[in-house]
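Enquirer: A single structure is presented below for examination.
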Amino acid sequence: MSFCIAIDGPAAAGKGTISKAVAQHFGFAHLDTGLLYRATGAKTFEGLSPIEAAQTLTAQDLERDDLRSADAGQAASRVAAEPAVREALVDFQQAFARREGGAVLDGRDIGTVICPDAEVKLYVIASDEVRARRRHKELVEKGEEITFEEVLDDLRERDERDAARATAPLKPADDAVVIDTTSMSIEQAVAKVIELIEVKLG
């Protein structure tokens, strides 16, 4: 059986953590589509054009250890604004979404562009300050020297660019369920999402 769960939302709202937990709970495959863009962005550091980077992307590129850096995040947002890059990565994502045994995809345009027919569509949000606090903690724990204010500015800049781009802007699908994790623990958010999915699975 193929059953697709599309989870979208801005950076550090909790969609990645929720997606992993949900995939594990139901035994579904999980794809963090943001990693595709981070890996494409990271390859541009080596002199490749964004479109060359997207067209030559391999599974190995998704294993790079610099993909969670702030630089890779900004590069991801820049390359994602290019329609040709998005086009090059669509087939990969759509094939993954319809694999046997169910799939969870998280990103910024899964419910609107990649899988508009997904059985479950969620849009995960949180306040700017809470998201910046979460991301700052994550980066500091990895040894990055960055201030809370820099992270907050970075997130807002990315949100603005992702929402304003002409191709596949960041926005909830019309039929997506919005989950606000601002005052939720991760356990509460995961439990709520599992409950919603179980209803759809019948």
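Enquirer: On the accessible surface of region 113-202, probed at 1.4 Å, how many percent belong to carbon and sulfur atoms? It would help to have the intermediate numbers written out before the result.
Expert: Details: 2700 of 5220 Å².
After summing per-atom areas, the C and S share lands at 52 percent.
Enquirer: Between His30 and residues 5 or more places away or on another chain, which pairs have amide H atoms under 5 Å apart, with H built 1.01 Å from N, and which residues are they?
Expert: Val104
Enquirer: Hey, which lysines would be in cross-link range of Lys200, C-alpha to C-alpha under 18 Å, not counting anything within fewer than 8 residues on its own chain?
Expert: Here the lysines satisfying the reach criterion relative to Lys200 are Lys121, Lys192.
Enquirer: Taking every pair of alpha-carbon atoms in the chain, give the share separated by more than 32 Å as a whole percent. Walk me through the numbers before you get to the answer.
Expert: Values: 2199 of 20301 pairs.
Result for the distance tail: 11 percent.
Enquirer: Accessible area, 1.4 Å probe, largest first: how do Val79, Val140, Val90 sort? Numbers along the way, then the final one.
Expert: Working: Val79 5, Val140 70, Val90 30 Å².
Sorted descending by solvent-accessible area, the residues read Val140, Val90, Val79.
Enquirer: Scan around Cys115 for amide H atoms under 5 Å from its own, H built in the peptide plane at 1.01 Å from N, and keep only partners 5 or more places away or cross-chain.
Expert: For Cys115, no residues qualify.
Enquirer: Taking only Cα atoms and a 10 Å spring cutoff, compute GNM fluctuations for the chain and point out the largest among Glu63, Glu145, Glu119.
Expert: Greatest mean-square fluctuation among the candidates belongs to Glu145.
Enquirer: Could you work out the helix-only [θ] at 222 nm for the chain, with each DSSP H run of four or more residues adding -39,500 (n - 2.57) and the total divided by the number of residues, to the nearest 500 deg cm²/dmol?
Expert: On the way: 8 runs with 103 residues, N = 202.
Value at 222 nm, helices only: -16000 deg cm²/dmol.
Enquirer: Turning to a different aspect of this structure: May I ask which residue of Thr147, Leu105, Ala164 lies farthest towards the positive end of the charge dipole of region 96-202, with charges of +1 (Lys, Arg) and -1 (Asp, Glu) on Cβ and the Cα centre as origin?
Expert: Going by the Cα projections, it comes out as Leu105.
Enquirer: What does the accessible area per residue of the chain come to in Å², with a 1.4 Å probe and no ligands, DNA or RNA counted?
Expert: On the way: 9750 Å² over 202 residues.
Accessible area per residue, the chain: 48 Å².
Enquirer: Quick one: Karplus J couplings for region 48-54, per residue in order, coefficients 6.51, -1.76, 1.60, θ = phi - 60°, nearest Hz, x for Gly and Pro?
Expert: Result, rounded to whole Hz: 6, 6, x, 5, 4, 4, 5.
Enquirer: Could you put Asp153, Asp106, Asp32 in order of accessible surface area, largest first, with the 1.4 Å probe and the full protein assembly present? Intermediate results must be reported in sequence, preceding the final value.
Expert: Working: Asp153 100, Asp106 5, Asp32 30 Å².
Order by accessible area, largest first: Asp153, Asp32, Asp106.
Enquirer: May I pose another question? What is region 10-77's relative contact order, in percent, from Cα pairs under 8 angstrom and six or more apart in sequence?
Expert: Working: 48 pairs, mean separation 23.0, N = 68.
Once divided by the residue count of region 10-77, the mean separation gives 34 percent.
Enquirer: Considering amide H positions built from the backbone, and no H for Pro or chain starts, which residues 5 or more places from Ile179, or on another chain, come under 5 Å of its amide H?
Expert: Under 5 Å from the amide H of Ile179: Tyr123, Val124, Ile125.
Enquirer: Can you give the accessible area of Thr182, probe radius 1.4 Å, in Å² rounded to 10?
Expert: 50
The values are calculated or read from the model by the stated rules, or taken from the named source; none is laboratory data. Note that the structure is predicted; figures quoted are calculated from it, not measured. Every residue, glycine as well, gets a Cβ built from its backbone with ideal geometry; the counts of neighbours run over all protein chains shown. With ligands, DNA and RNA removed, areas are computed over all heavy atoms of the protein, side chains included. Shrake-Rupley method; radii C 1.70, N 1.55, O 1.52, S 1.80 Å.
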